[in-house]
Amino acid sequence: MRHYDKNNVFARILRREIPASILYEDEYALAFHDVHPHAPLHVLIIPKGEFASFSDFMALATPDLIAGLMRAIDTVIDLLDLRKNGFRLIINQGSDGGQEVPHYHVHLLGGGPLGPLTSKK
Ligand code: AMP
């Protein structure tokens, strides 16, 4: 992908230009509630930096940032008390994946049974 749109909605949330329901922040990542939740708890965790997709993140991010994002996800799992009953992590990329916002993000879903992984067609 490599091109990064600096005005995508998550870049604007990172710059605090538009509001979000922020749950957690550290030097590597920001976590906030999804505006259109697909589960009782649906949070997005995004890295700080200009990465349009998972592939861009893995190609361009430092090892510290890659690890930092993973640790931020793990922290949010505890903040939401999801470890005992479980959760699901989802990363969408590209047209088949259905990625809508071109800033790399990880979906964390939980708070109740999540059903099948995908809609089988
Ligand atoms: P994806 O299809 O993986 O790109 O998912 C993008 C997600 O971002 C969707 O679940 C949207 O509901 C969510 N979303 C879009 N705009 C916002 C926003 N301003 N604040 C929080 N979540 C958003």
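The values are calculated or read from the model by the stated rules, or taken from the named source; none is laboratory data. Quantities reported herein were computed from a predicted structural model and do not represent experimental measurements. For the accessible areas, the whole protein counts, side chains as well, though only heavy atoms, and no ligand, DNA or RNA atoms are used. Shrake-Rupley method; radii C 1.70, N 1.55, O 1.52, S 1.80 Å.
Listing for the model above:
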| quantity | calculated |
| --- | --- |
| Globularity ratio of the chain, using Cα Rg and 2.2 N^0.38 Å | 1.03 |
| Partner lysines for Lys120 [C-alpha distance under 29 Å; skip if fewer than 8 residues away on the same chain] | Lys84 |
| Rel. contact order, % - alpha carbon contacts under 8 angstrom, at least six apart, the chain | 31 |
| Surface accessible to a 1.4 Å probe, Thr62 within the full protein complex, Å² | 80 |
| Per-residue ³J(HN,Hα) for the range 93-105, Karplus 6.51 cos²θ - 1.76 cosθ + 1.60, θ = phi - 60°, Hz, x for Gly and Pro | 8, x, 6, 5, x, x, 5, 9, 9, x, 10, 3, 8 |
| Asp56, Asp81, Asp5, reordered so the largest accessible area comes first (probe 1.4 Å) | Asp81, Asp5, Asp56 |
| Accessible surface of Ser119 - all protein chains present, 1.4 Å probe, nearest 10 Å² | 90 |
| Crossing angle, helix 63-79 versus the chain [Cα axis fit, 0-90 degrees, rounded to tens] | 30 |
| Estimated [θ] at 222 nm from DSSP helical runs (n ≥ 4, -39500 (n - 2.57)) normalised by residues in the chain, nearest 500 | -7500 deg cm²/dmol |
| List Ser55, Ser95, ordered by accessible area with a 1.4 Å probe, largest first | Ser95, Ser55 |
